[in-house]
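Just below is one structure, and these are the notes that go with it.
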Amino acid sequence: MAPATAASEADWRGLERSVTGRVLRPGDAGFHSSSAPFNKRHTRTTPAGVLAVADVSDVRRAVEWARRTGVPIVPRGGGHSYAGFSVNSGLVLDLRALDAVTADGSSGLVTAAGGASMAAVYAALEPERIAFALGNGASVGIAGLTLGGGSAATSRAFGLTADALVATTLVTADGDLLTCDAEHHADLFWACRGGGGGNFGVNVSFTYRAFPVSGAATCLLLWDGADAPEVFAVLQEVMRQAPEECSLRLGLSTTGSGVTVSAVGMHLGTAAELRELLAPVLAAAAPLRADIADRTFWEAKDYLAHETSEGAFAATTHFAVDPLPPEAVADVLARLGRWPGGSNPDGGGFALFGWGGAVNKVAPADTAFPHRHANYLVSMDTSWGEQDGPEAVPAHLRWLAELRDSVAPHTAAGAYVNFTDPDLADWRTAYYGDNYPRLVEIKRRVDPDRLFRFPQAIGS
């Protein structure tokens, strides 16, 4: 099928007549909120139309329409794609009305519709006192999180979001509605656990196995940038040796006036236990702020909640097995001191997320997510505002690329597909490693004409 990016007005009217939901065109009320990229870096991409789906039948009709007309189609749940891949120039499926979530504490099973947000999932989980690895932004969509692996503060204890998945239902490129699990369409089920969102169809339902939760403890520690060498030397080892119940994020950030060191995390235990785990770093460098407290699990997830500021940003990732050596930390600090500056309050940053634990108990080939060897996820980001001018974009991207290259010799191969980097040249190997050929084979079987396509789609 030859790609096409336009449909006639008669085609659009036909789509509108065939569905229960609303078809929105540029200028219609609700069009912008249904199609504006989360990352303002990608605002130049505007779809020809949006379908605010009312039910699964709408999804099937839209897929059949896109196949017939040749219009590119992309599903959009939370719309948080870092690279703007939840918006295209064709048809966007706004899945937010598919937001039902059910949870059963006795069986531990949770079923979420394909457009459900973290807020909706947590709201269903809390009365049942069960949880699995979930994102820390209320508006993040469950679909994208799951399909790209899904890492959270509980992942060292519970594994990835994808590891909790026991079944998913999706509309494929030929309009079929397939329910996939370990026994039915097992290859496609494998691909949906880490193969990235939007590649194999439109996932309209997910079923997970959750774990009982009760109390937890959280920490927020802040130091001046001058303490970074001591903090990194000690806390990286604390992160690696910590029990699976504890997960920490160690970060460096700047908004142009110095560097702040931070450690934030959750422990599925008591504050006394968490304080004991942190004792070596507290002794090595006295923090400017130390907040270590007992909380319920639900208070803890609220405490760790984060929403990215409005504006444009770029992010890139590595994985690491061993702690970064002092010379790497010194280089990162020096480069943060040369951050290009800008009006976005998120500034520029560098972070190590605690990995390992339950994440690494799954073999790299058992799911599509291959990065089961690492002890740290290394994340680097930068941001800017519209008022910073067009020259800000190349300056920030150049700075980020130099930061990534400087850290690369001290890290392992790989990048995290959910922190999508549109500037990553070797994304096939970086995201998927040795699993990529199998993903391509599955893609060719379920979507031979590449109806679901975007710049970093499987098989591109």
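Just so it is clear, none of the values below were taken in a lab; they were calculated from the coordinates. It should be emphasised that the depicted structure is a prediction, and the values quoted were computed from it without experimental measurement. Don't worry about glycine lacking a Cβ; one is built from the backbone with ideal geometry, like all the others, and counts go over all protein chains shown.
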Odd one out for Gly256 among (1) on the phi < 0 side of the Ramachandran plot; (2) out of contact with any helix residue (DSSP H, G or I) (no Cβ under 7 Å at 6 or more places or on another chain); (3) outside any strand (DSSP E or B): (1)
Residues of the range 28-63 that turn out to be outside any loop (DSSP other than H, G, I, E, B) and surrounded by fewer than 17 Cβ atoms within 10 Å (Cβ to Cβ), as a count: 3
Number of the exception - Phe189 against (1) under 30 Å from His410 (Cα atoms); (2) among the aromatic types (Phe, Trp, Tyr); (3) free of Cβ contacts under 8 Å to residues at least 60 places away in the same chain: (1)
Residues satisfying the stated conditions in the range 409-437, i.e. free of Cβ contacts under 8 Å to residues at least 12 places away in the same chain and in a loop (DSSP other than H, G, I, E, B): Ala425, Asp426
Matching helices (runs of 4 or more DSSP H) fully within the range 266-339 where at least 1 residues are in contact with a Gly (Cβ under 7 Å, 6 or more places away or on another chain) and either loosely packed, with under 13 Cβ neighbours inside 10 Å or of a type in the set (A, V, I, L, M) (or both): 326-336
Evaluation of Pro243 against (1) within 23 Å of the chain's Cα centre (by Cα); (2) within 15 Å of Tyr376 (Cα to Cα); (3) not β-branched (Val, Ile, Thr); (4) not in a helix (DSSP H, G or I) (one fails), failing number: (1)
Output for the range 425-460, where each listed residue is under 21 Å from Arg41 (Cα atoms), surrounded by 19 or more Cβ atoms within 10 Å (Cβ to Cβ) and hydrophobic (A, V, I, L, M, F, W, C): Trp427, Phe454
Pairs where the first residue, in the range 267-286, is at positive phi and the second is loosely packed, with under 15 Cβ neighbours inside 10 Å, C-beta under 6 Å, 6+ apart: none
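Sort through Ala66, Ala100, Ala54, Ala62 and tell me the only one that's touching a residue at least 24 places away in the same chain (Cβ under 8 Å) and out of contact with any Gly (no Cβ under 8 Å at 6 or more places or on another chain). Can you show your working first?
On the way: Ala66 fails: out of contact with any Gly (no Cβ under 8 Å at 6 or more places or on another chain); Ala100 fails: touching a residue at least 24 places away in the same chain (Cβ under 8 Å); Ala54 fails: out of contact with any Gly (no Cβ under 8 Å at 6 or more places or on another chain).
The unique qualifying residue is Ala62.
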